[in-house]
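Beneath this line is the structure, given in structure tokens, with notes to follow.
The numbers here are math on the coordinates, done by the rules we state, and not lab data. All figures in this text were calculated on a predicted structure; none of them were measured in a lab. Neighbour counts run over all protein chains shown; Cβ positions are idealised from the backbone, glycine included.
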Ligand code: AMP
């Protein structure tokens, strides 16, 4: 016997029982993004590998060990996108959007791919929704970004989240910060993990991001970074705007984020209920990325959040998402002619925006009624063989058991115009043969 195949490690199916919650999150978030004047952008799922190696930095975990990279049939190196910002910037430059718009506000959504060690809240294929605002250095936008994140989580029902904030400086002060950190670690380097020893030379800031308890022990108590005057002023202004917007935040100087493109503001929105992977949302300013990717000197700020983690938190709170609209009608036909007529009626219902379905099993009426009940159908239209001949059906209200015989041409009107306008046929005019006891 052929063995059943399973989904690849680190991926998951989002089944119909869960999808309502995802749709609820997506619909809410899109509505909020539109309120903030953002428009959607859709970029390819795979890109040239160079896009990510150039933008995310060679020393980032993603580029070092997490990319799904493959050669296509012509030998071109392509990569499944591990994040969304690089593609947005590529598209922004490729289509010269910067030449037409002083400020560009876009959001994206979709699957991302990282070869990470799967665990609760961490997958190899996961889904992000992100926003990017390109074209301004104004700290108002950093604060507005954070406010937007808080607002959308509020709207989906996640109110117990915490905003963590930091500034990682710019190209001018970053070398100073790096040196400051190396000095702080000093002789303790030998106690740090292998990855952190490598980071010490390449990108010591990443040491602060290490989740290993030993490494964390030796970086605890690190003083605030000595950022330059410009970065300091910017950071103060962001905090001032956040205060004005009544957004509570915690300054956390360990918050460096995994990607090298960040400058100045970095932030995360975290939940204590997520366990080790406690960040639901992460972002910050990236003033040099557009230039690094060959464009003009255009600053930007953005964030992305993970749908799996948002759904997980909502499930913990018992939030299920919207229920689907009720199934208005279930057609229970007996025989071929009844099925043909039932199909025609079904089409009328669906075109009138009513959810309707038909039994295709050919099973007994009793079992068809059971199926209708399980599906939560409000009404069942029973069409027996004799009824089919006469173009009528027996409409049964599943809530109160009442039933009436209606001409096919009147069934839809019954739902739109009410019972008074359509003439029920007297029950004794027709009998569903052999089904008396079921009805
Ligand atoms: P990042 O792109 O790493 O800044 O991540 C932004 C957000 O995406 C995180 O806060 C998570 O909610 C989500 N995320 C990142 N990586 C994963 C992953 N491997 N599995 C699930 N969610 C993830």
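Here are the numbers for the structure shown:
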item	result
Residue 4 versus residue 42: modelled label distance in nm, points set 7 Å from Cα along the beta carbon direction	3.3
Spatial extent of the stretch 1-95: Rg and Dmax, with the Cα atoms as the point set, Å	17.5, 56
When the stretch 300-342 is reduced to its Cα atoms, the Kirkwood hydrodynamic radius in Å	15.1
Globularity index of the stretch 43-129, i.e. its alpha-carbon radius of gyration over 2.2 N^0.38 Å	1.17
The chain: relative contact order in percent, alpha carbon pairs under 8 Å with at least 6 residues between	15
Coarse-grained scattering of the chain at q = 0.09, 0.11, 0.13 Å⁻¹, given as base-10 log I(q)/I(0) from a Debye sum over alpha-carbon atoms	-0.71, -0.88, -1.09
Per residue, the convex hull volume that the Cα atoms of the stretch 330-407 enclose (Å³)	83
0 to 90° range, to nearest 10: angle between helix 336-351 axis and the chain longest Cα axis	50
Coordinate range along principal axes, alpha carbons of the stretch 219-309, Å, largest first	41, 32, 29
Net lengthening on full extension, residue 344/residue 386 (0.36 nm per residue, minus Cα-Cα)	13.4 nm
Percent antiparallel among DSSP beta bridges (both partners in the stretch 329-424, rounded to 5)	55
Computed lengthening from residue 70 to residue 293, 0.36 nm per intervening residue step minus Cα-Cα distance	78.1 nm
Computed over the stretch 329-424: relative contact order in percent, which uses C-alpha pairs under 8 Å that are six or more apart	28
Spin-label pair residue 155/residue 194, simplified geometry with 7 Å Cα→Cβ offset, distance in nm	4.6
Cα-derived Rg to Rh of the stretch 145-184, Kirkwood definition	1.28
Principal semi-axes in Å for the stretch 123-255 [√(5λ), Cα gyration tensor, largest first]	29, 20, 14
Sum of -39500 (n - 2.57) over DSSP H runs of 4+, divided by residues of the chain (222 nm, nearest 500)	-11000 deg cm²/dmol
